[in-house]
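What follows is a single structure, written as structure tokens, with notes after it.
The values are calculated or read from the model by the stated rules, or taken from the named source; none is laboratory data. Since we're looking at a predicted model, the values are computed, not measured. All Cβ positions, even for glycine, are placed from backbone atoms using ideal geometry, and neighbour counts span all protein chains on display. Areas reflect the complete protein model, heavy atoms only, side chains present, ligands, DNA and RNA absent. Shrake-Rupley method; radii C 1.70, N 1.55, O 1.52, S 1.80 Å.
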Protein chains: 2
Amino acid sequence: MADPVSTLPVGIEVLAGEDIQRIAAFAHGEGYKFVVPPLLKLGSVPVHDVGRPLPASLNHANLVVNGPEYAQLSIGSISPWIDLESSDQTTVSNSQILVQQQIHWASHIGLPGVIFHCPPSGSVFSFARSVAEAAGMLSHTQVYVRVSLSDGQNDAWTRWNAIRMLARHNAKIAVALEINHELPGDDTLKKWLAEPVKMVIVPTNTFVANRKGFPVLRKRHQVFLQQLMQSERRYVIASADFESIHPSGTLASYREYLEHLHRTVPEPDTINRFADGYHDYLQLPLQPLMDNLESAIYEVFEQDPIKYQQYEQAVYRALIDRVPEGSDAVTVIMVVGAGRGPLVDRSIRAASDANRKVKLYAVEKNANAVVGLRARKQEVWGDAVTVVHVDMRYWNPEEKADILVSELLGSFGDNELSPECLDGAQRLLKPNGISIPSQYVSYVAPLSSSKLFNDAAAFGDEEHMETPYVVKFRSVFSITDPQALWSFDHPTKSAIRPQGHPHFNVHNNRYSKATFSVSQDAVMHGIAGYFEATLYKDVKVSIHPETHSKDMFSWFPIFFPIRVPLFLPRGSEVTVHFWRATDTRKVWYEWCVVPTINGVEVVGEASAIHNPGGKSYWIGL
Amino acid sequence: MADPVSTLPVGIEVLAGEDIQRIAAFAHGEGYKFVVPPLLKLGSVPVHDVGRPLPASLNHANLVVNGPEYAQLSIGSISPWIDLESSDQTTVSNSQILVQQQIHWASHIGLPGVIFHCPPSGSVFSFARSVAEAAGMLSHTQVYVRVSLSDGQNDAWTRWNAIRMLARHNAKIAVALEINHELPGDDTLKKWLAEPVKMVIVPTNTFVANRKGFPVLRKRHQVFLQQLMQSERRYVIASADFESIHPSGTLASYREYLEHLHRTVPEPDTINRFADGYHDYLQLPLQPLMDNLESAIYEVFEQDPIKYQQYEQAVYRALIDRVPEGSDAVTVIMVVGAGRGPLVDRSIRAASDANRKVKLYAVEKNANAVVGLRARKQEVWGDAVTVVHVDMRYWNPEEKADILVSELLGSFGDNELSPECLDGAQRLLKPNGISIPSQYVSYVAPLSSSKLFNDAAAFGDEEHMETPYVVKFRSVFSITDPQALWSFDHPTKSAIRPQGHPHFNVHNNRYSKATFSVSQDAVMHGIAGYFEATLYKDVKVSIHPETHSKDMFSWFPIFFPIRVPLFLPRGSEVTVHFWRATDTRKVWYEWCVVPTINGVEVVGEASAIHNPGGKSYWIGL
């Protein structure tokens, strides 16, 4: 991470009536990186119908940033005293004209951003329309909507949400979030982390004085700000009258305090360190059955400190259970999909620890990985291991396995076709043989994240809204806890038709639904998917948030987008329907989402079945 | 219209167990144009888990239409005894396989259509998924979903609506509507007229026997069927056991009765005769200010029997009011936008009837129309009329008008820029002068029409979902009565800034909203727009459905689509927000739609502001 002090962009608000030249110089001297002046001088133009018509255009006397000198250092505030929602038509017309004039000016002199002040109450329809219009007129200038967290527990979010919906999720419109003395509940704060908050405004009176009289923030404020600081954002010290309101310190003290908070953001844990640079980044899931994995991918996953430890433990426990102590019986272990051999190593170690005799097969279809396996055999394993280059689904060995070990799980459990592979490999197993893993369960939860939605929508096509992504979540809000969808057990008890039979895979079709209760207003942008796998008895690996295997980083969650964001009011329910479908060549998921609002099931646009027939996304067999 | 007898496609349902060859020949002999057989023979394959697995593929013995001979004459029924919604996974898998096998077969032999039987109760999620999958697999075969009107007052529609939403308005999926003995209320019947009902199924037991013992339908059934017969649809006589259940008549009697109904469909009224071929057809509104109208367009509109009658009456009444009887005063009448001169003719006739002296100016910007006006002057009008070739907004005549007559109204009132033109022409009017029209009001109502929605969506781009269309409605359901949105008055009392001033047109901006109560479940696809204009005092022209000027065909309604269909449950409200926006070069509308369900305002995808900044549609000044 780069030096946090130099990278935290902290600016300062300029009050109406101040001289921009003097203030910009002063703010710079105090270490602020930019200023936030009003665009128009207060009272310099009439907004209400006072018999004085608006001038046809603005002039220098009306404008605060009236030339290019300070343009790059200024984020302009659209006059908060305009009234786009007035019931008086002249006031509305004048306000619209004044907004347009300011936007045109901001664009002309090249301001990096402009800030609209969300009206604290009443309608936001015409306000949102103007914001959207401004976003359409500006190409390089960021549009911020300033909302205040203190406007009731939930009002600020509700108003922002309406604006965002009205402006159709325009990615050029961001939130400038004002953090006041009173903070709403943790759930509301969490919800804001899933919103495009690109500016954080901290008025000086949000600060309290510490024992030495310097401005500091209270504990909950600190925690929330440090969460915000995990992503790139601007910070603004607001309502600053250029005299410190705290007994000690100077104007620079506010900036210094934010920089201090930034420096002391807690260190990321193992998983987040591993995920650095991948947070909220949409990755297409692997297709390890259809495509051969590259060596670098094996390399990465083999570094997981937890996963292989759990596998070793599972093999150890299975050996102990299966063979009495002191027996000479040889247990046949087949590692199917052996890759570069980590599960072979772990099985050997488990056998040694358990003091049981084993015979090992390393079965792998990827010719490139087999090269490595053969080298390992020659250099390390010797006769204990037989390397077989074959697709496990079609192999016919001379002897059968006591234990079948595989690592074919994806973020959603079955999404890398573990069921199909292990069905095919089941012939290799003795009738009372053990499969490690023995079961996996897929979980889903409704998720809010304007970033993930906008990133998927930015592709501009339908395919990307019907494709699941592997994502390390950060700017997301989990609307409720996950629920189990379906499971697969190995060895399966279903009748397995032979490969090539037109219905050979239908027993791996699934349909399930889960209904979630929504405890606060939220916008759903998609479905988070997780899995929990039982390797052997109580030896498990999990990426379910509540049971996540500590420090295990091999799997990020999966994200299924929905085509249109779905507003879910508090007290509503939402039902997620999910299908796992198969044909002779592929496997795919279909999903849809149906809200129930005050008991009324509302089958709407998000309810359209996504990815019908696997048209946008499928996994090749 | 072509001979109705030969064009009504009536087919007959074939019951399971019948021999297709024998039946097809017999049905043909009875005058039926096609047959509706089941695709699979009953009981020929197992659907439940009875220890007997499904065969890998169908064979001739399973299939009713087992060769191409009758394919073109057959609409195949997907076995109604399959159960896609079973809680038993094997039954579901078997049902899915059986559906796929039938669909593949139907596609292979080239059936014109297949019919899915909507389950009469329970979930429709996996059913809808299969229907959508089938629609995706079939290219030339129409997919019908059979629903029965008798499934409760509203259930059938609710179930169809869920299926249509889940299948995302797939235009390849149509309704096969079964008309039973009991009909639901008129509102429900009306709603079905807005749905893609491409097949109407009438079971023989829906018929009653007339005095002579022949099968006939009761009055309400007749009316509903004749409404359905206004558009192209297939008809099927169902549950026919090939013996008439009515004392007299033969199997042909049912077909003959439907043909009789078709022959006796009431003659269309003047407006519908005029609109023949344009029902439910999306036309882009005219841009008469920016573009010059063609002669043929003038020709069509001059045929209106009502509009010019009303104008003549308005001029007559204005002259009577303005000039005392017997006075020698000369009233200056300017017809602005005179076109080919119909309003000049009418003004002359009104003056003659009123016995008042007038001096007429025919003002027209379209050079081609002016050629015709000059010819009319030379041949008919003489000195009574002065023809002026000029844009009324920029003309500076030597004298001013007592009466300004214009016909600049569009379907939405102001949408052909009547306000802007008349503002510009207002200088021509004496201070106490009269404008005909003196006022016009725009009305809106939430509208349901899957056809209009699908036609707009079929363009496959955003622009066409943000553009209003002029449409003669037929397959639509007006969810509630219209409400007034805004009005324009002439002469206006607003301060008019000169043309060229950057804000010259802001007084013609409008914002308004209207909230509608929804009395039954419906899907909104857009907004119907109408206008009502006061020409002079109580002389009006209107296309508002409740006050529509009888036989006036000059204006069809306007239709503003919404991007996504919106489900509105009974008891909900929906608010339509509308803006009329202007800049120096153009005028445009923006609109959005917000439902309130059980008191909860649900700002969703239909709430996104449509056509922001006029990006998809605008009217040039």
Output the residues belonging to region A:376-393 that are surrounded by 14 or more Cβ atoms within 10 Å (Cβ to Cβ) and free of Cβ contacts under 8 Å to residues at least 24 places away in the same chain.
A:LYS377
Just name the residue that is modelled with the highest pLDDT out of those in region A:132-184 that are in contact with a Lys or Arg (Cβ under 9 Å, 6 or more places away or on another chain) and of a type in the set (Phe, Trp, Tyr).
A:TYR144
Before we move on, is A:ASN205 under 27 Å from A:ARG129 (Cα atoms) and open to solvent by 30 Å² or more (accessible area, probe 1.4 Å)?
no
Selection status of A:GLU325, at pLDDT below 95 and among the acidic types (Asp, Glu)
yes
Failed item in (1) within 14 Å of another protein chain (Cβ to nearest Cβ); (2) assigned to a helix (DSSP H, G or I); (3) crowded, with 18+ Cβ neighbours inside 10 Å, with A:LEU84 passing the rest
(2)
Quick one: how many residues across region A:45-74 are over 17 Å from A:PRO119 (Cβ atoms) and in contact with an Asp or Glu (Cβ under 9 Å, 6 or more places away or on another chain)?
2
Give the residue, chosen from A:GLY277, A:GLY337, that is open to solvent by less than 30 Å² (accessible area, probe 1.4 Å) and either under 30 Å from A:LYS586 (Cα atoms) or free of Cβ contacts under 8 Å to residues at least 60 places away in the same chain (or both).
A:GLY337
Scan region A:102-125 residue by residue and report those that are within 14 Å of chain B (Cβ to nearest Cβ), part of a loop (DSSP other than H, G, I, E, B) and buried (at least 19 other Cβ atoms within 10 Å of the Cβ).
A:VAL124
In region A:157-210, how many are within 13 Å of chain B (Cβ to nearest Cβ) and either in a strand (DSSP E or B) or more than 17 Å from A:VAL518 (Cβ to Cβ) (or both)?
12
Quick check on this structure: which one of A:ALA128, A:ALA167, A:ALA132, A:ALA174 is in contact with a helix residue (DSSP H, G or I) (Cβ under 7 Å, 6 or more places away or on another chain), closer than 22 Å to A:LEU447 by Cβ, open to solvent by less than 30 Å² (accessible area, probe 1.4 Å) and among the aliphatic types (A, V, I, L, M)?
A:ALA167
Would you pick out the residues in region A:562-594 that are assigned to a strand (DSSP E or B), at the interface with chain B (Cβ under 9 Å from one of its Cβ atoms) and either free of Cβ contacts under 8 Å to residues at least 60 places away in the same chain or touching a His at 6+ places or on another chain (Cβ under 9 Å) (or both)?
A:ARG563, A:VAL564, A:PRO565, A:LEU566, A:GLU590, A:CYS592, A:VAL594
How about region A:595-613: which of its residues are within 8 Å of another protein chain (Cβ to nearest Cβ), outside any loop (DSSP other than H, G, I, E, B), polar (S, T, N, Q) and touching a Ser or Thr at 6+ places or on another chain (Cβ under 8 Å)?
none
Note on region A:346-381: residues farther than 19 Å from A:ARG317 by Cβ and part of a loop (DSSP other than H, G, I, E, B) are A:LYS365, A:ASN366
Hits in region A:380-420 (condition: more than 21 Å from A:ILE297 (Cα to Cα), hydroxyl-bearing (Ser, Thr, Tyr) and in contact with a Phe, Trp or Tyr (Cβ under 6 Å, 6 or more places away or on another chain)):
A:THR386
Which of the residues belonging to region B:479-500 are on the phi < 0 side of the Ramachandran plot, open to solvent by 40 Å² or more (accessible area, probe 1.4 Å) and assigned to a loop (DSSP other than H, G, I, E, B)?
B:ASP481, B:PRO491, B:LYS493, B:SER494, B:ALA495, B:ILE496, B:ARG497, B:PRO498, B:GLN499
Residues located in region B:565-582, provided they are out of contact with any Phe, Trp or Tyr (no Cβ under 9 Å at 6 or more places or on another chain) and surrounded by fewer than 23 Cβ atoms within 10 Å (Cβ to Cβ):
B:PRO569, B:ARG570, B:GLY571
Name the one entry in B:ALA135, B:ALA71 that is within 29 Å of B:LYS33 (Cα to Cα), in contact (Cβ under 8 Å) with a residue 24 or more places away in the chain and facing chain A (nearest Cβ under 9 Å).
B:ALA135
Considering region A:595-612 alone, what residues qualify as being under 13 Å from A:GLU466 (Cβ atoms), of a type outside the set (A, V, I, L, M) and either in contact (Cβ under 8 Å) with a residue 24 or more places away in the chain or open to solvent by less than 10 Å² (accessible area, probe 1.4 Å) (or both)?
A:HIS610, A:ASN611
Lone qualifier among B:VAL576, B:VAL564 - being touching a helix residue (DSSP H, G or I) at 6+ places or on another chain (Cβ under 7 Å) and in the same structural domain as B:THR480 (by TED's automatic domain parsing):
B:VAL564
Against the definition (within 12 Å of chain B (Cβ to nearest Cβ) and among the basic types (Lys, Arg)), how does A:ARG497 come out, yes or no?
yes
Going by what's in this entry, would A:SER79 be described as modelled with pLDDT of 85 or more, among the hydroxyl-bearing types (Ser, Thr, Tyr), in a loop (DSSP other than H, G, I, E, B) and exposed (fewer than 15 other Cβ atoms within 10 Å of the Cβ)?
no
Does region B:416-437 include one or more residues that are part of a strand (DSSP E or B) and of a type in the set (Ser, Thr, Tyr)?
yes
